[in-house]
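Chemist: Provided herewith is a single structure, encoded as structure tokens, for subsequent inquiry.
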Amino acid sequence: MLLPDYNELVALGRHADPEGWGSRRKVMSEIQGAHVSLFQGRGLDFSEFREYSPGDDVRSIDWRVTARKGRPYTKIFTEERERAVYIIVDLNSYMQFGTRNTFKSVQAARAAALLAWTSHHLNDKTGALLFGQCSEGIKFLPARRSRKSIWEMLRSLCQPEDIHRRVSLSEALEIADRYLPIGASIFVISDFVDLGGHFEKNMGLLSRRREVSLVKVNDPADMHMPDAGRIQLSDHQGHKMEVNTSDRRGLELYQQLWQQSEMLLEDVAKKFRLKTLRIKTDGNVAEDLSREFRQLKRNSR
């Protein structure tokens with residue numbers, strides 16, 4: 001599939017809806033459950049104290065009340081009604097790449113749709129910032145609690161404009177920091193190969209007062225590039241170079257650049273405590289996200 005299918009992305013909303021999970025009920029319920037538990041940190045209000053029950057989160061035990069009452073008590077929180085979820089999607093032409101099943105751009109659109117519908121059914125406001133092949137290189141969709149706003153995002157994902165302007169991930173992060181509200185939950189969907197410019201600095205600014213998660217789209221050829229002739233690449237400092245993948249030395253150079261990008265991304269994620277989810281062009285996006293969310297949930301305990 002070369003372009004995302006709008007009807008398919010809309011249909012994913014039925015899988016995210018508790019009344020229409022169907023065969024994917026287990027997968028989507030896992031995504032929703034993990035989404036709530038992982039991204040509620042800044043979206044909770046204290047409600048009351050309650051006597052501890054087996055299965056309660058021990059991290060919520062209030063030791064002062066426990067000492068006063070003589071038995072354990074936990075804090076009960078309720079979710080804030082106003083929470084904004086923003087999905088940042090890389091629409092640059094290099095995302096139209098894939099050696100298995102489909103393109104990265106298609107999987108990115110599917111991931112964006114699943115996350116948007118999940119947020120919608122959790123009663124969150126959902127917005128988007130698209131960059132690359134869209135009007136003026138950037139398209140900003142304010143967060144709203146409506147299906148129409150999600151439909152608009154999905155149409156934009158399925159109809160990339162035929163322009164040749166390239167907007168770097170670093171630029172998109174800088175714009176996001178300028179316009180996205182403090183306290184928002186943000187998902188950045190890209191292959192994260194373009195880490196030039198001020199990527200680390202801008203990612204740090206964006207995540208300083210927001211929950212930022214990275215959704216990395218991988219293709220099997222990312223690590224082991226097949227013979228594709230001469231291709232143009234950029235290193236993490238933005239330097240462009242041509243690599244001949246038909247030559248052994250060219251393949252070694254490509255793998256070196258890819259590994260440098262991977263290491264930089266891991267370092268940045270660790271430095272700013274970003275959650276990272278990985279999906280594949282030859283995988284099922286819903287199942288990949290479900291697996292990654294489960295892993296993050298286990299790691300957070």
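The values are calculated or read from the model by the stated rules, or taken from the named source; none is laboratory data. Bear in mind the structure is a predicted one, so any value in this text is a computation, not a measurement. Every residue, glycine among them, receives a Cβ derived from its backbone with ideal geometry; neighbour counts consider all protein chains shown. Heads up: the accessible areas ignore ligands, DNA and RNA and are worked out on the full protein's heavy atoms, side chains in. Shrake-Rupley method; radii C 1.70, N 1.55, O 1.52, S 1.80 Å.
Chemist: Evaluate the charge dipole of region 137-193 about its Cα centre and quote only its size in Debye, nearest 20, assuming +1 on the Cβ of each Lys and Arg and -1 on the Cβ of each Asp and Glu.
Modeler: In debye, rounded to 20, region 137-193 gives about 380.
Chemist: Run the accessible area of region 56-141 with a 1.4 Å probe and give the carbon-and-sulfur part as a rounded percent.
Modeler: 47
Chemist: What figure in square angstrom, to the nearest 10, would you give for the accessible area of Arg155 with a 1.4 Å probe?
Modeler: About 100 Å², rounded to the nearest 10.
Chemist: Can I ask one more? Taking only protein heavy atoms and a 1.4 Å probe, what accessible area per residue, in Å², does region 62-200 have with all protein chains in place?
Modeler: That works out to 44 Å² per residue.
Chemist: Set the Förster radius R0 to 41 Å, insert the Cβ-Cβ distance between Val58 and Asn284 as r into 1/(1 + (r/R0)^6), and round the FRET efficiency to 0.05.
Modeler: 0.75
Chemist: OK, next. Within a Cβ distance under 10 Å of Gly283, other residues only, what is the Lys/Arg minus Asp/Glu net charge?
Modeler: Once all neighbours under 10 Å are counted, the net charge is +1.
Chemist: Averaging over every viewing direction, what projected area does the convex hull of the Cα atoms of region 80-229 cover, in nm²?
Modeler: Mean projected area for region 80-229: 9.3 nm², to one decimal.
Chemist: Here is a follow-up. Describe numerically, in nm with one decimal, the distance between label points set 7 Å from Cα along Cα→Cβ at Leu3 and at Tyr179.
Modeler: Inter-label distance under the simple model: 2.3 nm.
Chemist: Nearest 0.05, what FRET efficiency do Arg249 and Gln96 give at R0 = 35 Å with Cβ-Cβ as r?
Modeler: Approximately 0.80, to the nearest 0.05.
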